[in-house]
Amino acid sequence: PITPGELLCLGSSLAFSGLFYYLYRRKARVVARIQEAPKLQVDDNLPALVSAAEGRCLPYVALEGIVLPAQAALTSHYHEGLQGVIQKLLLKEHRLIWNTFVRSW
């Protein structure tokens, strides 16, 4: 005979397995989209390509080329001689308003 405690453990194990498999599949889709991302060169044509894209946004793209820092290059604390550059940081916040009652506050 199976005890209620064993059924509880089995059910929770199945629930966690399902949850982790769902998260794995979701991340695997993102990784596949990143691997299939188009590779673009950093040149004068890049702003025109972004402007021509739907919604003026390229969801996943790999940029190749040489970029110059605006001030000083970022250096890695972990790997000597490794440098990086942040040319432009854009933060977009998407806010949903579910009903008109919230909007009146």
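A short reminder: the numbers here are calculations on the coordinates, not readings from a lab. Quantities reported herein were computed from a predicted structural model and do not represent experimental measurements. We place every Cβ from the backbone using ideal geometry, glycine too, and count neighbours over all the protein chains shown.
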With no solvent and one equal point scatterer per Cα, compute the Debye intensity ratio I(q)/I(0) for segment 4-84 at 0.14, 0.21, 0.23 Å⁻¹ and report its log10, rounded to two decimals. -0.77, -1.06, -1.09
So what J values fall out for segment 3-16 if you push phi through Karplus, 6.51 cos²θ - 1.76 cosθ + 1.60 with θ = phi - 60°, rounded to Hz, Gly and Pro as x? 7, x, x, 5, 5, 5, 5, 5, x, 5, 5, 5, 5, 5
Between V30 and L58, what is the label-to-label distance in nm when each label sits 7 Å out along the Cα-to-Cβ direction? 2.0 nm
I'd like the Karplus ³J(HN,Hα) series for segment 19-28: coefficients 6.51, -1.76, 1.60, θ = phi - 60°, whole numbers in Hz, and an x wherever there's a Gly or Pro. 4, 5, 5, 4, 5, 4, 5, 5, 5, 5
